[in-house]
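J.: Here you go, one structure.
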Amino acid sequence: MRGAMSETAQYLYENVAQRMRGLIEDGTLRPGERIPSVRRLHKQWSVSMTTVLEAYRLLEDRGFLEARPRSGYYVRATPRVVLQEPERSDPPRRPQRVRTDLVMRLQAEINAADVVRLGAAAPDLDLLPQRVLARKVSEVMRRQPRAAHTYCVGAGDEGLRRQIARHMVDAGCSVGPGDVVITSGAQEALYLGLKSITEPGDLVAVESPCYFGLLELIEALGLRALELPTHPREGVDLDALDEAVRKRGVKVCALVSNYSNPTGCCMDEDHKRALVDLLRHHRVTLIEDDIYGDLPFEGPRPRAIKSLDREGLVLYVSSFSKTISPGFRIGWIVPGHHREEVLWLKNITSIAAPSVPQLALAAYLGDGGHERHLRRLRRAYSNNMVRVLDAVGAHFPAGTRATRPNGGQVLWVQMPRGVNSVLLSEQARAHKISVAPGVLFSASGRYEHYLRLNLALRRDVAVDAAVRTLGQLAGAQLT
Ligand SMILES: Cc1ncc(COP(=O)(O)O)c(C=O)c1O
């Protein structure tokens, strides 16, 4: 099925979908019009029926087509409300001490029953490869009891590190098992990275808005955060970073390179290269968090910034929490020159990552079914993006804006000023809906009228009804 027919499509069906989408966008195929049947396109474009069907389903998921029973596929007639994207952020140019007390409350809701979980960015259990993981865990317990029950000290299980090194080839990185240190999720990897290269009081440049777990670490380590102006599609403003390094003495920059949290922003390659040039010029270290990089909605996986780094200025961090199992708590860091420090810190904080999940994951990744699982996940998240965006467009107050990410797991919604998203999240809780209020994502109390919405939901979750309730609550705050 792989085909290299266009620059951005990875699979042949994506290429077919792109061509068909082009015909819709240039008006050749008009709203309400029936498009060629699967059989006809199969003959006309010389591609298999399965490929055409996959392409049509993709376009249906993206909201370009609708399937009518026993009739075929039609160009979607009802125009969707197209939301503008949120504005580029404009945070204060001063470093901040961080306060993050709301986060614990959001985390408490992760496992609550009967809640529509639009809040925490944790995948629904049913989206994870549960059955195969259960099999792998039980095989590990039976076949490798010694390894399962002993500390996996040092950098972690070698078999898993080998699989991770292989996995990173997709992100354009060539690292060996010896470069990887296994951690308890990406959160510990971020902690180890930050702690090994900073002293209390140091300044960390971050995106704005920014992943709140990073802000918590900055707070706990006695560091200061400098929020950088950030475009929701293009990423951090490099001129602002350059100025911050020159005038404020930024020690380290920490950001999510691909499908960031909460904006879903994926920096393009030129931007990544320019960032690496800037790091090299000023000898500043970057902690790159690539936890969402395996989740493009279309086309190939984007490169990691690490893949462009020739001087060891990038510490790479990721985990399998968004794609395989958050409960396994398996992440990793490629610490480069800081390896000894990271290993020492890891040893004194947790001795070793748990052995059973490491061994089970190594076996799972070695089996070769992971790419298929990722495709299913990408499809589910991308469908949900369209469903949630449609619902936000239909039910939120006029003037609402939202990102339209090309991958990842979250949407960032900018509501009209006057809506208080902390209040909204409390009101929503009474309706059994969780959301993440915007202020979580800032060190300076910004984004009061923003929300982050999780897309890792099952297909049968009543998204439209939940988003309608949120929209009504937001609207009521404005009147
Ligand atoms: C950007 C980012 N980094 C790190 C983490 C933490 O990941 P883990 O659960 O692997 O510790 C998250 C979790 O939401 C995240 O969104």
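J.: I want the local charge near Arg88. Using Cβ-Cβ distances under 10 Å, sum +1 for each Lys or Arg and -1 for each Asp or Glu among the other residues.
T.: On the way: positive: Arg233; negative: Glu85, Glu87, Asp90, Glu234, Asp237.
Net local charge, Arg88 excluded: -4.
J.: Write down, largest first, the equivalent ellipsoid semi-axes of the stretch 163-235 in whole Å, where each equals the square root of 5 times an eigenvalue of the alpha-carbon gyration tensor. All intermediate terms of the calculation are to be shown ahead of the outcome.
T.: Values: eigenvalues 130, 65, 21 Å².
Taking √(5λ) for each Cα gyration eigenvalue gives 25, 18, 10 Å.
J.: What does the helix-only formula give at 222 nm for the chain: each DSSP H stretch with n ≥ 4 adding -39500 (n - 2.57), the total divided by the residues, and the result rounded to the nearest 500 deg cm²/dmol? Please list the in-between numbers first.
T.: On the way: 16 runs with 193 residues, N = 479.
Result for the chain, helices only: -12500 deg cm²/dmol.
J.: Another question about this same structure. Taking DSSP loops as anything outside H, G, I, E and B, show the longest stretch in the chain free of GluC sites (Glu not before Pro) there with at most 10 other beta carbons within 10 Å. Show your work: numbers first, answer last.
T.: Details: sites that count: Glu7, Glu87.
Here the longest run is 88-479.
J.: Sort Val386, Val252 so the one with the fewest other Cβ atoms within 10 Å of its own Cβ comes first. Spell out each step's value before the answer.
T.: Working: Val386 18, Val252 21.
The fewest-first ordering by Cβ neighbours comes to Val386, Val252.
J.: Please work out the ratio of the alpha-carbon Rg of the chain to 2.2 N^0.38 Å and round it to two decimals.
T.: Here the answer is 0.99, to two decimals.
J.: Which net charge results for the neighbourhood of Leu226, defined as the other residues with beta-carbon distances under 9 angstrom from its beta-carbon, given Lys and Arg at +1 and Asp and Glu at -1? The partial results should precede the final answer.
T.: Values: positive: Arg93, Arg94, Arg224, Arg248; negative: Glu227.
Neighbour charge sum, excluding Leu226 itself: +3.
J.: What list do you get for Thr469, Thr479, Thr285, Thr183 if you sort them by fewest beta carbons within 10 Å? Kindly include the intermediate steps, with their values, before the conclusion.
T.: Details: Thr469 19, Thr479 6, Thr285 22, Thr183 28.
Ranked by crowding around the Cβ, least crowded first: Thr479, Thr469, Thr285, Thr183.
J.: May I ask which of Lys136/Lys322; Lys247/Lys346; Lys272/Lys322; Lys247/Lys322; Lys251/Lys346; Lys272/Lys346 have a Cα-Cα span longer than 25 Å here?
T.: Numbers: Lys136/Lys322 19 Å; Lys247/Lys346 33 Å; Lys272/Lys322 23 Å; Lys247/Lys322 37 Å; Lys251/Lys346 22 Å; Lys272/Lys346 29 Å.
Flagged as over cut-off: Lys247/Lys346; Lys247/Lys322; Lys272/Lys346.
J.: Another question about this same structure. Within the P(r) computed for the stretch 278-317, what percentage of the Cα pairs occupies the region above 11 Å? Show your work: numbers first, answer last.
T.: On the way: 509 of 780 pairs.
Every Cα pair in the stretch 278-317 considered, those over 11 Å come to 65 percent.
J.: Using +1 at the Cβ of each Lys and Arg and -1 at the Cβ of each Asp and Glu in the chain, identify which of Gly119, Tyr364, Leu286 lies farthest towards the dipole's positive end.
T.: Value computed over the given set: Tyr364.
J.: For the chain, calculate the relative contact order in percent as a whole number, restricting contacts to Cα pairs under 8 Å that are 6 or more residues apart.
T.: Details: 938 pairs, mean separation 101.5, N = 479.
Worked out over the chain, it gives 21 percent.
J.: If we count every other residue with Cβ under 9 angstrom of Glu66's Cβ, Lys/Arg +1 and Asp/Glu -1, where does the sum land?
T.: On the way: positive: Arg68, Arg76; negative: Glu60.
Once positives and negatives cancel, what remains is +1.
J.: Follow-up question, since we're still on this one. Given H placed 1.01 Å from N in the peptide plane, which residues other than close sequence neighbours of Gly299 have an amide H under 5 Å from its amide H?
T.: Under 5 Å from the amide H of Gly299: Gln10, Tyr11.
J.: Among Leu226, Val181, Val342, whose Cα sits farthest toward the positive end of the charge dipole of the chain (+1 at Cβ of Lys/Arg, -1 at Cβ of Asp/Glu, about the Cα centre)?
T.: Result: Val181.
J.: Over the Cα atoms of the stretch 415-479, what Rg and Dmax result, in angstrom?
T.: Cα-based Rg and Dmax for the stretch 415-479 come out at 11.9, 37 Å.
No lab work stands behind these numbers, since they all come straight from the coordinates. The structure displayed is predicted, hence computed values, not measured ones. Glycine also receives a Cβ, built like all others from the backbone with ideal geometry; neighbour counts cover every protein chain displayed.
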